[in-house]
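Each remark here refers to the structure printed beneath this line.
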Amino acid sequence: MESLSDRVRAAAPHIVDLRRRLHRIPETGFNEVRTAALVAEELAALGLPVRTGIAGTGVTALLDSGRPGPTVMLRADMDALPITEATGLPYASEHPGCMHACGHDMHMAMLLGAARVLAGLAEQNPDALRGRILFLFQPAEEGPGGAAPMIEAGVLDDPGVDVCIGAHVWPEIPAGFVGVKPGPLMAAMDRFELTVLGKGGHAANPHLCVDALETATQVVGALQRVVSRMTSPLEPVILTIGELHAGTAYNVIPGEARMAGTVRAFAPEVRNRWEQRINQVAGGVCAAMGATHRLDFQWCHPAVINDPRAAAEVRRAALDAVGADRVMEPVPTMGGEDFSMFLQRVPGCFFFVGCGGPGVAPVHNPCFAPDESCLPVGAEVLCRAAVQICARWDAPQAGA
């Protein structure tokens, strides 16, 4: 009988072709119209019942074995970034100013490949599967966050999802390798906008003004000192100010300055105190300079914390797919992922598929061109994890 590895190997050319077709038509969050249509068409061709228009552009398909067992959700994100591609690839973006620079085209292709392999397996060998596998294609991972509205739309409830699995291509890991770890993997991500309100005036009369720009620069420095002097070095925290806007003329002291930034942390107790700290620091600095401030703090999504049992199943799947010498435990990253919203509701595991190699640029770079040899690797790990979890999840844990 054809092995799972053989089935994935046979599907590999189609997976690569899908990735290239998707790469040509990048669309930003909640605008994934052509992308969702291509995904839905591929899933329907497999004979799976498909739902579209979930939370705008989300798509799901269900593979039901007809046998008792858990429901495993496999997730891929669909959106692209507002970046002008500079890879020079023959299948580069056809949409100016938009690019799959974070590998979401890879994620969709891997999951569509897994759906093809698993649907074929269920048709040819019905006894090979138990339970149900939900293939979920999520909009808007970048920025607005599409996981929460999909959850609100009921994707975890009908059928009730027992375990969720997701993957991300990772250029810091060589192609052919897989990174899996239990516990914290990716940081919580929140964002804020802070406006400093002063009193504008002529550049020759600073004593008659309250310089919002000068005050804002002091706020930026004070916030960085909070990170280095008021936070334990054993508690990872990053605060980055990525925008600072003030003034419209060289000889006018601005009366308003606006900054925007992000805070990253793992521990909930560390994350939860940052809104108050930013308010305290900004309030103190502004008061000293005669200014005021306004803070808009946006709680985005929590840390990705993998369930130990789910991570063990994914690790086992990776070992079977690529061998022990190519499975590693990655270092946690301060990058964020709204897959964490699913993990807040059901146990699961998010893992990394190595796509790195000589000359491969980092994600969110206009030259990002991951090694496509990782595509069948990711597809096979997803397949094996789903089959194993469907077969084993109802069984009691060892030592329980």
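Say whether the condition of being modelled with pLDDT of 95 or more, over 21 Å from residue 152 (Cβ atoms) and either touching a helix residue (DSSP H, G or I) at 6+ places or on another chain (Cβ under 9 Å) or not assigned by TED's automatic domain parsing to the domain that holds residue 342 (or both) is met by at least one residue in region 73-80. So far as region 73-80 goes, yes, one or more of its residues are modelled with pLDDT of 95 or more, over 21 Å from residue 152 (Cβ atoms) and either touching a helix residue (DSSP H, G or I) at 6+ places or on another chain (Cβ under 9 Å) or not assigned by TED's automatic domain parsing to the domain that holds residue 342 (or both).
Could you say whether any residue in region 277-284 is of a type in the set (Gly, Ala, Ser) and either within 31 Å of the chain's Cα centre (by Cα) or modelled with pLDDT under 95 (or both)? Explain how you work it out, then say what you get.
Restricting attention to region 277-284, the residues satisfying the condition of being of a type in the set (Gly, Ala, Ser) are 282-284.
If we keep only those that are either within 31 Å of the chain's Cα centre (by Cα) or modelled with pLDDT under 95 (or both) too, we end up with 282.
Looking through region 277-284, at least one residue is of a type in the set (Gly, Ala, Ser) and either within 31 Å of the chain's Cα centre (by Cα) or modelled with pLDDT under 95 (or both).
Name the pairs: first residue in region 90-114 and at positive phi, second residue surrounded by 24 or more Cβ atoms within 10 Å (Cβ to Cβ) and modelled with pLDDT of 95 or more, Cβ to Cβ under 8 Å, at least 6 apart or on different chains? Qualifying pairs under 8 Å: 103/168; 103/169; 103/355; 103/370. Residue pairs whose Cβ atoms lie under 7 Å apart, sitting 6 or more positions apart in sequence or on different chains, and linking a residue in region 322-338 that is touching a residue at least 40 places away in the same chain (Cβ under 8 Å) to a partner that is surrounded by fewer than 12 Cβ atoms within 10 Å (Cβ to Cβ) and part of a helix (DSSP H, G or I), do not occur here. When 288, 257, 303, 312 are checked against the criterion of being within 19 Å of residue 225 (Cα to Cα) and modelled with pLDDT of 95 or more, a single residue qualifies: 288. Using the structure shown, decide if residue 86 is out of contact with any helix residue (DSSP H, G or I) (no Cβ under 9 Å at 6 or more places or on another chain), without any contact (Cβ under 8 Å) to a residue 24 or more places away in the chain, more than 20 Å from residue 339 (Cβ to Cβ) and surrounded by fewer than 24 Cβ atoms within 10 Å (Cβ to Cβ). No: the conditions fail for residue 86. Scanning region 259-283 for residues that are outside any helix (DSSP H, G or I) and either among the polar types (S, T, N, Q) or closer than 12 Å to residue 196 by Cβ (or both) gives 259, 262, 272. Report yes if some residue within region 377-397 is under 25 Å from residue 271 (Cβ atoms) and either surrounded by 17 or more Cβ atoms within 10 Å (Cβ to Cβ) or within 20 Å of the chain's Cα centre (by Cα) (or both); otherwise report no. Scanning region 377-397 turns up no residue that is under 25 Å from residue 271 (Cβ atoms) and either surrounded by 17 or more Cβ atoms within 10 Å (Cβ to Cβ) or within 20 Å of the chain's Cα centre (by Cα) (or both). The single condition among (1) touching a helix residue (DSSP H, G or I) at 6+ places or on another chain (Cβ under 7 Å); (2) outside the structural domain of residue 260 (by TED's automatic domain parsing) that residue 210 does not meet is (2). Just one of the listed residues (265, 246) is of a type outside the set (S, T, N, Q) and within 29 Å of residue 206 (Cα to Cα), and it is 246. The single condition among (1) more than 25 Å from residue 2 (Cα to Cα); (2) surrounded by 19 or more Cβ atoms within 10 Å (Cβ to Cβ); (3) touching a Ser or Thr at 6+ places or on another chain (Cβ under 9 Å) that residue 96 does not meet is (2).
Here is a yes/no grid of residues against (1) touching a helix residue (DSSP H, G or I) at 6+ places or on another chain (Cβ under 6 Å); (2) part of a loop (DSSP other than H, G, I, E, B); (3) hydroxyl-bearing (Ser, Thr, Tyr):
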position: 184; (1), (2), (3): no, no, no
position: 195; (1), (2), (3): no, no, yes
position: 215; (1), (2), (3): yes, no, yes
position: 222; (1), (2), (3): yes, no, no
position: 228; (1), (2), (3): no, no, yes
position: 231; (1), (2), (3): no, yes, yes
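Residue 158 satisfies every condition listed in (1) in contact with a helix residue (DSSP H, G or I) (Cβ under 9 Å, 6 or more places away or on another chain); (2) under 26 Å from residue 394 (Cα atoms) except (1). In region 264-276, the residues that are touching a residue at least 24 places away in the same chain (Cβ under 8 Å) form Cβ pairs under 7 Å with partners that are surrounded by fewer than 14 Cβ atoms within 10 Å (Cβ to Cβ) and assigned to a loop (DSSP other than H, G, I, E, B), at six or more places apart or across chains, as follows: 267/235; 270/235. Out of 329, 337, one residue alone is acidic (Asp, Glu), assigned by TED's automatic domain parsing to the domain that holds residue 88, within 25 Å of residue 302 (Cβ to Cβ) and surrounded by fewer than 18 Cβ atoms within 10 Å (Cβ to Cβ). It is 329. Can you say whether residue 141 is more than 23 Å from residue 7 (Cβ to Cβ), of a type in the set (D, E, K, R), touching an Asp or Glu at 6+ places or on another chain (Cβ under 7 Å) and modelled with pLDDT of 95 or more, as far as the supplied structure shows? Yes: the conditions hold for residue 141.
The values are calculated or read from the model by the stated rules, or taken from the named source; none is laboratory data. Everything numeric here is computed off the predicted structure, so don't read it as measured data. Neighbour counts run over all protein chains shown; Cβ positions are idealised from the backbone, glycine included.
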